[in-house]
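So the structure is just underneath, and the comments pick up after that.
None of the figures in this text is laboratory data; all of them are computed from the coordinates on show. No experiment lies behind these values; they were computed from the predicted model shown. Using ideal geometry, Cβ is built from the backbone for each residue, glycine included, and neighbour counts are taken over all protein chains shown.
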Amino acid sequence: MPEEIHGRYKKIVEDIEKNIKDPNTVDFVKDKLSELTMMFIDILDRLTKITYSQIGIVEEKQKEISDKINSIESIIDGIESDIYETEEDDDDNNYEFEIVCPYCNYEFTADMEDESRDEITCPECHNTIELDWDLDEEQEGCGKNCSHCESHCLAEDEEDYKVEEDNPKEETENKDNDDEDM
């Protein structure tokens, strides 16, 4: 393309020399043509610099946006891995349990690889806690005969205690009646 422009410029100068007979006028026109050409080249150079500068700014902003998108994608990937189990998680057979230490009442989370472990150490008081994995799949509920699970357990005892606690008036009347019977 520069060769094409150079060829056209040369043709314009030749046309000027052919059509203008006075050599002083030809020199004057050539000088003014050169000035005009340099002015256009200068304008093109400035526009090119401005364009490259703007492109640089756009590229920088695009990089910042790309970095933010990558950061958001990694956060989303983390959230997805927290929410959904992957096949690798299924293969690992890791289970997470919340345990309350019966000795110090410290609540902690334990990762269990399998059900073969019989005990775990409390990270707070360092006492050994026995784990009971004896779960009968055919048995429903807690296995102790309460109204919730058709067996008897502490949950029913707690409900009875709560009912008595909620009706202190009946309790006092019952005590008064017991006292009168004596």
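Brief remarks follow.
- Most positive-pole-ward Cα, G78, S66, L44, against dipole of segment 2-83 from beta carbon charges: L44
- Phi angles across segment 121-132 convert, under the Karplus curve 6.51 cos²θ - 1.76 cosθ + 1.60 with θ = phi - 60°, into 3J(HN,Hα) values of 9, 5, x, 8, 9, 6, 7, 8, 10, 7, 9, 10 Hz, Gly and Pro given as x.
- Residues in segment 26-56 reached by a label modelled at I16 [backbone nitrogen below 12 Å; 7 Å Cα→Cβ]: 26-38
- Only Lys, Arg (+1) and Asp, Glu (-1) charged, at Cβ; segment 2-83 dipole about Cα centre in debye: 660 debye
- FRET efficiency, 1/(1 + (r/R0)^6) with R0 22 Å, evaluated for D45 and H6 via beta carbons: 0.80
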